[in-house]
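Written below as structure tokens is the structure these notes are about.
The values are calculated or read from the model by the stated rules, or taken from the named source; none is laboratory data. These numbers were taken from a predicted model, which means no experiment stands behind them. All Cβ positions, glycine included, derive from the backbone under ideal geometry; neighbour counts span all protein chains shown.
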Number of protein chains: 2
Amino acid sequence: MKLVSTRGRYALRVIIDLAEHDSGSYIPMKEIAMRQGISLKYLEQIMPVLMKNKVIDGASGKGGGYKLNRPPEDYKVWDILTLTEGSLAPVACLDCDAEKCERESECRTLPMWKKYQEMTEDFFNNISVADLMKK
Amino acid sequence: MKLVSTRGRYALRVIIDLAEHDSGSYIPMKEIAMRQGISLKYLEQIMPVLMKNKVIDGASGKGGGYKLNRPPEDYKVWDILTLTEGSLAPVACLDCDAEKCERESECRTLPMWKKYQEMTEDFFNNISVADLMKK
DNA sequence: TAATCAACCTACTCGATTAGTAGGAATATA
DNA sequence: TATATTCCTACTAATCGAGTAGGTTGATTA
């Protein structure tokens, strides 16, 4: 089973692409889709999520596209992934909308899952888009 | 998205249960299914995997069931999870049977995923069933 | 104003996976 | 032989992943 699907991975790659090709003006998704070899139509339904969460700026119409609204250092991988993936919980028990488990108090494994989740958050919170850009 | 499904989680809980109720003789799955609130029929198709990989001993017929064949310290969470889950790769690109990615050499994110994968393996390799048992 | 280019939105699809059920066969014990 | 157990295979219903499809709206420019 996978923790991160194409949604999160693609989103991340797009943000990195935007950072690497930043010229101040909007970059059309078509360009990035070509460059990254990702379906444009698929991207079109991933990007609005980031847009609505003020992660990137977007503009419709001719000359439109997307661009970053902060320096690459300010983009944490964790934020991009959780926005696009939803949760990044290692197990269903720790999902945001998980119904409360009866065995919670006596569960031998829950503390381990929690610790792993924290470790995961720390890991991806300590990596920024700037860290992932070509030097 | 989740990394670990019920298969891995149940398997782990069963092993812990076997460890906690170890008396030297075989423990029928029915007992554990009741104790853990897990479908017996479902467990019946998870356990043979562990059996075939010599992780536990099993016996059919009256008085049969399963039991551990080593001390709990020797059971690493990583081994139980990978056997039942298959891979535990954070992304498809790192799956065992992933077709080679063309962008591999230029991918900005792959090193990060690899590092995360190693961290994951370390984490679960450093936890044994003994660590998870009730003290 | 019209053409064009871009994001936006909604619906649909196809296959794989998850979390089981179901039913019986094989095996071992008393 | 009756009983208790694992073993094996097939089936299923729901969800999710990874798109495809087609049209709408918004902005620029000729």
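Before moving on, here are some points about what is shown:
- Within segment B:58-74, the residues that satisfy the criterion of being in contact with a helix residue (DSSP H, G or I) (Cβ under 8 Å, 6 or more places away or on another chain) and either within 16 Å of DNA strand C (Cβ to nearest atom) or β-branched (Val, Ile, Thr) (or both) are B:Gly58, B:Gly65, B:Tyr66, B:Lys67.
- Single match in A:Glu20, A:Glu73 (criterion: more than 26 Å from B:Glu85 (Cβ to Cβ), in contact with a Ser or Thr (Cβ under 6 Å, 6 or more places away or on another chain) and surrounded by fewer than 16 Cβ atoms within 10 Å (Cβ to Cβ)): A:Glu73
- Breaking point among (1) within 12 Å of chain B (Cβ to nearest Cβ); (2) farther than 27 Å from B:Lys114 by Cβ; (3) more than 14 Å from DNA strand C (Cβ to nearest atom), for A:Val77: (2)
- Residue tally, condition farther than 22 Å from B:Arg103 by Cβ, without any contact (Cβ under 8 Å) to a residue 40 or more places away in the chain and more than 7 Å from DNA strand C (Cβ to nearest atom), over segment A:19-51: 2
- Qualifying position, being among the hydroxyl-bearing types (Ser, Thr, Tyr) and under 26 Å from A:Gly37 (Cβ atoms), among B:Ser5, B:Ser105: B:Ser105
- Residue list for segment B:53-79, restricted to those being within 16 Å of DNA strand D (Cβ to nearest atom), in contact with a Leu (Cβ under 8 Å, 6 or more places away or on another chain) and of a type outside the set (D, E, K, R): B:Asn53, B:Val55, B:Ile56, B:Tyr66, B:Leu68
- Complete set of residues in segment A:17-37 that are away from DNA strand D (no atom under 13 Å from the Cβ) and in contact with a Gly (Cβ under 6 Å, 6 or more places away or on another chain): A:Ile27
- None of A:Ala130, A:Ala89, A:Ala98 is in contact (Cβ under 8 Å) with a residue 60 or more places away in the chain and either closer than 25 Å to B:Ile15 by Cβ or in a helix (DSSP H, G or I) (or both) except A:Ala130.
- In segment B:1-45, the residue that is farthest from the chain's Cα centre (by Cα) out of those that are at the interface with chain A (Cβ under 10 Å from one of its Cβ atoms) and of a type in the set (Asp, Glu) is B:Glu20.
- Scanning segment A:101-127 for residues that are part of a helix (DSSP H, G or I), in contact with a strand residue (DSSP E or B) (Cβ under 9 Å, 6 or more places away or on another chain) and within 10 Å of chain B (Cβ to nearest Cβ) yields one hit, A:Phe124.
- Scan of segment A:91-102 for residues that are modelled with pLDDT under 85 and either surrounded by 15 or more Cβ atoms within 10 Å (Cβ to Cβ) or closer than 24 Å to A:Ile46 by Cβ (or both), ordered by number: A:Cys96, A:Asp97
- Failed item in (1) within 12 Å of chain B (Cβ to nearest Cβ); (2) surrounded by 18 or more Cβ atoms within 10 Å (Cβ to Cβ); (3) within 30 Å of A:Ser23 (Cβ to Cβ), with A:Leu88 passing the rest: (3)
- Segment B:103-135: number of residues that are of a type in the set (Gly, Ala, Ser) and at pLDDT below 95: 1
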